[in-house]
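Student: Take this structure first; my questions come after.
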Amino acid sequence: MHTIKWKDAVLAGVAGTLLFDLFGLVMTRQWWDIPAVLGGKTGLGMGYGVIAHYGNGIFLAVLYAGIAPSLWGPSWLRPFIFITAQTIALVWLFMFPLLGAGVGGTNLGSMIPAVSLLRHLIFALPFVLLINRNLFAKGQ
């Protein structure tokens, strides 16, 4: 039976979200662009946006930690498969249209789908280093 290593999953979620935000800062020259959108659209402010953003990152890492053994492909590739599927299904086809940005965010610009996928792939890097380290260790 597979057991989630909660500390590793939470740490991977926080680290991945921080990498996501740092890359966003480089690309957009705005710190916490996603929390600002979340806080603004809900009317609950930036504090809520930050909590929701980082909470979502932790949730995705815990979800990945739970299903990773069931995914196909080499262990280093599984986080990227998971995050690509999550980005297409939940960001491009759900969140962007919900926010009025169109499918894939294309109403905001033609590069938005590529940039959002790249940000999410960078988010997945700590999954390889923290979650997969124990999941796919030799001899387990």
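Student: Which pairs turn up if I take residues in segment 9-36 that are over 18 Å from Ala61 (Cα atoms) and touching a residue at least 40 places away in the same chain (Cβ under 8 Å) and look for partners that are assigned to a helix (DSSP H, G or I) and among the basic types (Lys, Arg) with beta carbon separation below 7 Å, at least 6 apart in sequence or on another chain?
Tutor: The qualifying pairs are Phe23/Arg119; Gly24/Arg119.
Student: When you check Trp72 against the structure, is it modelled with pLDDT of 95 or more, surrounded by fewer than 17 Cβ atoms within 10 Å (Cβ to Cβ), among the aromatic types (Phe, Trp, Tyr) and more than 10 Å from the chain's Cα centre (by Cα), yes or no?
Tutor: No.
Student: Say whether the condition of being modelled with pLDDT of 95 or more and more than 30 Å from Ala137 (Cα to Cα) is met by at least one residue in segment 116-123.
Tutor: The answer is yes; a qualifying residue exists.
Student: If you scan segment 91-106, which residues turn out to be of a type outside the set (Val, Ile, Thr) and either surrounded by fewer than 17 Cβ atoms within 10 Å (Cβ to Cβ) or under 16 Å from Gly40 (Cα atoms) (or both)?
Tutor: Leu93, Phe94, Met95, Phe96, Pro97, Leu98, Leu99, Gly100, Ala101, Gly102, listed by residue number.
Student: I need the full set of residues from segment 1-36 which are part of a loop (DSSP other than H, G, I, E, B) and among the β-branched types (Val, Ile, Thr), in order please.
Tutor: Thr3, Ile4 - these are the residues of segment 1-36 that are part of a loop (DSSP other than H, G, I, E, B) and among the β-branched types (Val, Ile, Thr).
Student: Of the conditions (1) in contact with a Lys or Arg (Cβ under 9 Å, 6 or more places away or on another chain); (2) in a helix (DSSP H, G or I); (3) of a type in the set (A, V, I, L, M, F, W, C); (4) open to solvent by 20 Å² or more (accessible area, probe 1.4 Å), Ala52 fails just one. Which one is it?
Tutor: Ala52 satisfies every listed condition except (1).
Student: Filter segment 89-127 down to the residues that are under 14 Å from the mean Cα position of the chain (by Cα) and free of Cβ contacts under 8 Å to residues at least 12 places away in the same chain and list them by number.
Tutor: Ala89, Leu90, Met95
Student: Please tell me if Leu118 is within 30 Å of Thr42 (Cα to Cα), part of a helix (DSSP H, G or I) and not hydroxyl-bearing (Ser, Thr, Tyr).
Tutor: Spelling it out, Leu118 is indeed within 30 Å of Thr42 (Cα to Cα), part of a helix (DSSP H, G or I) and not hydroxyl-bearing (Ser, Thr, Tyr).
Student: Report yes if some residue within segment 93-113 is assigned to a helix (DSSP H, G or I), among the β-branched types (Val, Ile, Thr) and within 16 Å of Leu19 (Cα to Cα); otherwise report no.
Tutor: no
Student: Still on this model: Residues in segment 15-42 that are crowded, with 17+ Cβ neighbours inside 10 Å, farther than 12 Å from Ile122 by Cα and of a type in the set (A, V, I, L, M): how many?
Tutor: Adding up the residues that qualify gives 2.
Student: Conditions: (1) open to solvent by less than 60 Å² (accessible area, probe 1.4 Å); (2) under 26 Å from Asn132 (Cβ atoms). Trp6 meets all but one. Number of the miss?
Tutor: Of the numbered conditions (1) open to solvent by less than 60 Å² (accessible area, probe 1.4 Å); (2) under 26 Å from Asn132 (Cβ atoms), the odd one out for Trp6 is (1).
Student: Taking segment 78-87 only, how many residues are surrounded by 14 or more Cβ atoms within 10 Å (Cβ to Cβ) and without any contact (Cβ under 8 Å) to a residue 24 or more places away in the chain?
Tutor: 1
Student: State whether one or more residues within segment 110-117 are open to solvent by less than 20 Å² (accessible area, probe 1.4 Å) and either in contact with a Leu (Cβ under 8 Å, 6 or more places away or on another chain) or aromatic (Phe, Trp, Tyr) (or both).
Tutor: Taking every residue of segment 110-117 in turn, none turns out to be open to solvent by less than 20 Å² (accessible area, probe 1.4 Å) and either in contact with a Leu (Cβ under 8 Å, 6 or more places away or on another chain) or aromatic (Phe, Trp, Tyr) (or both).
The values are calculated or read from the model by the stated rules, or taken from the named source; none is laboratory data. For clarity, every value in this text was computed on a predicted model and none was experimentally measured. Because the Cβ atoms are built from the backbone with ideal geometry, glycine has one as well, and the counts that use them run over all protein chains shown. To get the accessible areas, we keep the full protein, side chains included, count just its heavy atoms, and leave off ligands, DNA and RNA. Shrake-Rupley method; radii C 1.70, N 1.55, O 1.52, S 1.80 Å.
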